[in-house]
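> One structure is given below, represented as structure tokens, and several questions about it will come after.
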Amino acid sequence: MWKIAFRNLLSKKTRTFLALTGLVIAVVGVIGLISISDGIKGTITETLGKVQGVQVLQKDVFSPAFSSVKLSVIPKIESLPEVNVVVPRVFRVAFSVEGTRTFSGGSEPPFIVGIDPVKEQATTGGGSYGTRVTKGRFLKTSDKYAVIIGKKIADDFKKPVGSMIEINNYNFRVVGILETSSSSMDTMMLMPISTVRSMFGLSQDEASMLYVDLKNPADAESVAKKIELRVDGVDAKTGTEFATDITSVLGSLDMFFWAISLIAVLVGGVGILNTMLMSVMERFRDFGILKAIGWSNSNVMTLVISESVILGAAGGIAGVILGTALVEVAKPILGFPMQVSLSLAVTAFLLSVFLGLIGGLYPARKASKLNPIEAIRYG
Amino acid sequence: MVKKIIEVRDVHKYFKLGETYVHALRGVSLTINQGDFVFIVGPSGSGKSTLLHLLGALDVPTQGKILFEGKNLADLNEDVLSAIRRKKIGFIFQAFNLMQSLTAIENVTIPLVPTGIDEDVANRRAAKFMEMLGLKDRMFHTPNQLSGGQQQRVAIARALINDPIVVLADEPTGELDSKTGNEIFDYLRLMNKKFNKTFVIVTHDMEYIKKGDKVFKIHDGKIID
């Protein structure tokens, strides 16, 4: 049966080729659009990952500068399976830099942030300051009076890497410069946590806040709830409101791309329907003969559907290969995030086979219902 | 003891043609026995093709009975009729009606495809018939590479491949010159003798009927002789 179906398709090469072209365009369209959508989602999720995580502060205290959390709660939080690492940070206001008062009245003051260099670099993205140091280096455990300053501080006070800077009447060596798109981080000064503690007379077993770095940013909300249940006297905050918004935007983006894909698929489907219908009508006589010599209605139907499914499968394979190749070629040119996942390739292929099946059903039925006498006489 | 294969008893067939009914067969009765080489002759429009279609279980009579090996075809549904065609009947058509996309041997074996028979077995069986019909070196040609006579011989092999009880031929030489037509009849006769196969052949060409055992002359839907 399959062999005959193959032969029939090969005997009308031009038409088979045109039908395949229609299918290939549909499959390439789906692959192109969905890969763009997946790519955008991937990029956004990755970006979200940078701001995601859970911040643990003293209960009912909203600014980390006035918050105090005991380090003894860290093991309770780190024992949660979703947690990658818990990083203590000490936040204090820098009231003077280079002998200048740095803030007055309503403006946000620059912060001194005391960090643990080792733990900070174990974060996967999250609040990792390390990845944002654009000049110089990150802090080391052996550093004492070393500082990484925000770009704005560096520019305002003209402090390149290697220069000395006076902060709250202490002298520090600038080892790195932090550059971000966030204005609050551009005025930050990162120092070793123990240095900050001794500058401000804090005990070694406390921090202003704990940054909880997660294995999967999507767990932020549930982890925050668990932390509040396990640890007394703290608030655990997430950026999930933001994330929820983004997720719904991504959802509609996805819907949009699928809707366009659906149009491509419908065009492909109508194409294969048209091809098979034409091909069946041209062969009324053949089907009449087959029925006369004893093929049953379902035998004839099977033959036509086989032809159509072969078309669908061939179009699917060609479309997936071509689509993937085009995406690979287009990616560097467009500078656009695109990815063809295995599941997308499989879905696109199955879609094409399915189109073949559906597009073949009606023509197959038409062929099977032929009256053999009339088909032979007039076919 | 002669075995009756098909008995036609007082069969009438009406066709609706637009608003009017055509009375194509008006009370035909005849019997076809095992091994017969029978002609049905008559002018065009006499009802001979209609009768052949009824004999071949392609259609059912409006009135009367057709007993195929004792079973009344009018009582059977479409699936059973197609099974009878598949197992018991071979067809040869005027226009050869081979599938152009397939080779000669594939055309011969096509009635066996729905039976699920092993391809090698089918091909061996086809090769045997094709050799007898002088098509040994034409097995892998496509129909458009064959002459009319060769195509009709392929069609004969196709009609025999399912080992039918009866082979029905509708104007098998209608598109062939008389020399080739004679050859085709000689082949049909050969198959009839060699395998004791029953042949019912519709023709309007009186030249060939002397080759037959039995001739039914049909005129205006009735057997006249």
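> Rank these residues by their accessible area, most exposed first, probe 1.4 Å: B:21, A:211. Present the calculation step by step, with values, prior to reporting the outcome.
On the way: B:21 150, A:211 10 Å².
My answer, sorted largest first, is B:21, A:211.
> Still on this model: Ordered by packing density, taken as the mean number of other Cβ atoms within 10 Å over each peptide's residues, highest first, how do A:251-258, B:178-185 rank? Working shown, then result.
Numbers: A:251-258: 13.2, B:178-185: 17.0.
By packing density, highest mean first, the sequence is B:178-185, A:251-258.
> Let me ask you something else. Under 13 Å Cα to Cα from residue A:140, which aspartates and glutamates show up? Leave out anything in the same chain fewer than 8 places away.
A:116, A:120
> Please work out how much length the chain gains when fully extended from residue B:10 to residue B:194, using 0.36 nm per residue of separation minus the C-alpha to C-alpha distance, in nm with one decimal.
In short, 63.0 nm is gained.
> For segment B:30-72, what is the Kirkwood estimate of the hydrodynamic radius, computed as the reciprocal of the mean inverse distance between distinct Cα atoms, to one decimal in Å?
Working: mean 1/r = 0.0860 Å⁻¹.
For segment B:30-72, the Kirkwood estimate is 11.6 Å.
> Can you give me the angle between helix B:178-195 and the longest principal axis of chain B, using Cα atoms only, in degrees from 0 to 90, rounded to the nearest 10?
Here the helix axis deviates by roughly 90 degrees.
> Looking at segment A:290-322, which residues lose a minimum of 50 Å² of accessible area between their chain alone and all protein chains in place, measuring with a 1.4 Å probe and not counting ligands or nucleic acids?
A:292, A:293, A:294, A:295
> I would also like to ask the following. At a 1.4 Å probe radius, which order do B:187, A:362 fall into by accessible area, largest first? Walk me through the intermediate numbers first.
On the way: B:187 55, A:362 125 Å².
So the residues, ranked largest to smallest area, are A:362, B:187.
> Hey, could you pull the Cα Rg and Dmax for chain B, both in Å?
Considering chain B through its Cα atoms, Rg and Dmax are 17.3, 52 Å.
> Quick one: which bits of segment A:362-376 get at least 20 Å² less accessible when the partner protein chains are in, versus the chain alone, with a 1.4 Å probe?
A:372, A:373, A:376
> Using the Cα centre of segment B:30-79 as the reference point, and only Cβ charges (+1 on K/R, -1 on D/E), how large is the resulting charge dipole? Debye, rounded to the nearest 20. Walk me through the intermediate numbers first.
Details: 3 positive and 6 negative charges, 48 e Å.
Result for segment B:30-79 is approximately 240 debye, rounded to the nearest 20.
> Also: Among A:90, A:176, A:253, whose Cα projects farthest towards the positive end of the dipole of chain A, with charges put on the beta-carbon of Lys, Arg (+1) and Asp, Glu (-1)?
A:253
> Here's another thing I want to ask about it. Would you list, by chain and number, the lysines whose Cα falls below 16 Å from the Cα of residue A:41, excluding same-chain residues fewer than 8 positions away?
By straight Cα distance, residue A:41 reaches A:50, A:331.
> So what's the angle, to the nearest 10 degrees on a 0 to 90 scale, between helix A:297-334 and the longest Cα principal axis of chain A?
Compared with the principal axis, the helix lies near 30 degrees.
> List the lysines whose Cα lies under 17 Å from the Cα of residue B:71, skipping any in the same chain that are fewer than 8 positions away.
B:3, B:4, B:87, B:88
> As a test of the definition: with a 1.4 Å probe, what buried accessible area, both sides summed, do you compute for A against B, in Å² to the nearest 100?
Working: alone 18970 and 10900 Å², together 27800 Å².
Buried area (both sides, nearest 100 Å²): 2100 Å².
> Here's something else I'd like to know. With a 1.4 Å probe and every protein chain left in place, tell me how much accessible area residue B:59 has, in Å² to the nearest 10.
Using a 1.4 Å probe on the heavy atoms, I get roughly 40 Å².
> Taking only the Cα atoms of the protein assembly as shown, how large is their convex hull per residue, in Å³?
Details: hull volume 146.1 nm³, N = 604.
Measuring per residue, one finds 242 Å³ for the Cα hull of the protein assembly as shown.
> When the dipole is taken about the Cα centre of chain A, and only Lys, Arg (+1) and Asp, Glu (-1) are charged at their Cβ, what size is it in debye, to the nearest 20?
On the way: 38 positive and 31 negative charges, 305 e Å.
It works out to roughly 1460 debye.
> I would also like to ask the following. Over segment B:135-225, what number does the Rg to Rh ratio reach, with both radii from the alpha-carbon atoms and Rh per Kirkwood?
Details: Rg = 14.1 Å, Rh = 14.3 Å.
Checking Rg against Rh, the ratio lands at 0.99.
> What number, in percent, do you get for the relative contact order of chain A if the mean sequence gap of Cα pairs under 8 Å and at least 6 apart is divided by its residue count?
Numbers: 694 pairs, mean separation 106.3, N = 379.
Relative contact order, chain A: 28 percent.
> Follow-up. Which whole-number percent is the relative contact order of segment B:1-128 (Cα, under 8 Å, 6+ apart)? Let's see the in-between values first.
Values: 143 pairs, mean separation 28.4, N = 128.
Averaging sequence separation for qualifying contacts and normalising by length gives 22 percent for segment B:1-128.
> Given the DSSP H assignment, sum -39500 (n - 2.57) over each helix run of at least 4 residues in chain B and divide by its residue total; what's the result at 222 nm in deg cm²/dmol, nearest 500? Numbers along the way, then the final one.
Working: 6 runs with 70 residues, N = 225.
Helix-only estimate at 222 nm: -9500 deg cm²/dmol.
> Once you average over the residues of A:2-11, how many Cβ atoms of partner chains fall within 10 Å of each Cβ?
3
> What ranking do A:307-317, A:264-274, B:160-170, A:9-19 get when scored by the average of other Cβ atoms within 10 Å per residue, highest first? Write down the numbers at each step before the final one.
Details: A:307-317: 23.6, A:264-274: 19.4, B:160-170: 22.1, A:9-19: 15.4.
Final packing ranking: A:307-317, B:160-170, A:264-274, A:9-19.
> Now, a different point. Using a 1.4 angstrom probe, figure out how much accessible area segment B:135-188 has per residue, in square angstrom, rounded to the nearest whole.
Spelled out: the 1.4 Å probe surface of segment B:135-188, per residue, equals 37 Å².
> Roughly speaking, to the nearest percent, how much of the protein assembly as shown's 1.4 Å accessible area is carbon and sulfur? Mind showing how you got there, number by number?
On the way: 16180 of 27800 Å².
So the carbon and sulfur contribution to the accessible surface is 58 percent.
> Additional query: Which of A:33, B:29, A:229 sits farthest toward the positive end of the charge dipole of the protein assembly as shown, with +1 on the Cβ of Lys and Arg and -1 on the Cβ of Asp and Glu?
B:29
> Evaluated at 20 °C with a viscosity of 1.002 mPa s, what Stokes-Einstein diffusion coefficient in µm²/s does segment A:205-332 have when Rh comes from the Kirkwood expression over alpha-carbon pairs? Please list the in-between numbers first.
Values: Rh = 21.0 Å.
Estimated via Stokes-Einstein, D reaches 102 µm²/s.
> Is there a simple number for the mean count of other chain Cβ atoms within 10 Å of the Cβ of residues in B:72-80, and what is it?
Details: counts 0, 0, 0, 0, 0, 0, 3, 3, 0.
Per residue, the number of nearby Cβ atoms from other chains is 1 on average.
> How large is ³J(HN,Hα) for each residue in segment A:263-280, as worked out from phi by the Karplus curve 6.51 cos²θ - 1.76 cosθ + 1.60 (θ = phi - 60°), to whole Hz, x for Gly and Pro?
Here the 3J(HN,Hα) series is 4, 4, 5, 4, 4, x, x, 5, x, 6, 4, 4, 4, 5, 5, 4, 5, 5 Hz.
> How many Å² of accessible area per residue for segment A:244-379, probe 1.4 Å? Let's see the in-between values first.
Details: 6520 Å² over 136 residues.
Averaged over the residues of segment A:244-379, the accessible area is 48 Å².
> Of B:13/B:179; A:3/A:366; B:48/B:210, which pairs sit farther than 29 Å apart, going by alpha carbon to alpha carbon? Before the final figure, lay out the partial values.
On the way: B:13/B:179 35 Å; A:3/A:366 22 Å; B:48/B:210 18 Å.
From B:13/B:179; A:3/A:366; B:48/B:210, over 29 Å: B:13/B:179.
The values are calculated or read from the model by the stated rules, or taken from the named source; none is laboratory data. Every value quoted in this text rests on a predicted model; they were computed, and no experiment measured them. Positions of Cβ are backbone-derived with ideal geometry, glycine not excepted, and every protein chain shown enters the neighbour counts. Heads up: the accessible areas ignore ligands, DNA and RNA and are worked out on the full protein's heavy atoms, side chains in. Shrake-Rupley method; radii C 1.70, N 1.55, O 1.52, S 1.80 Å.
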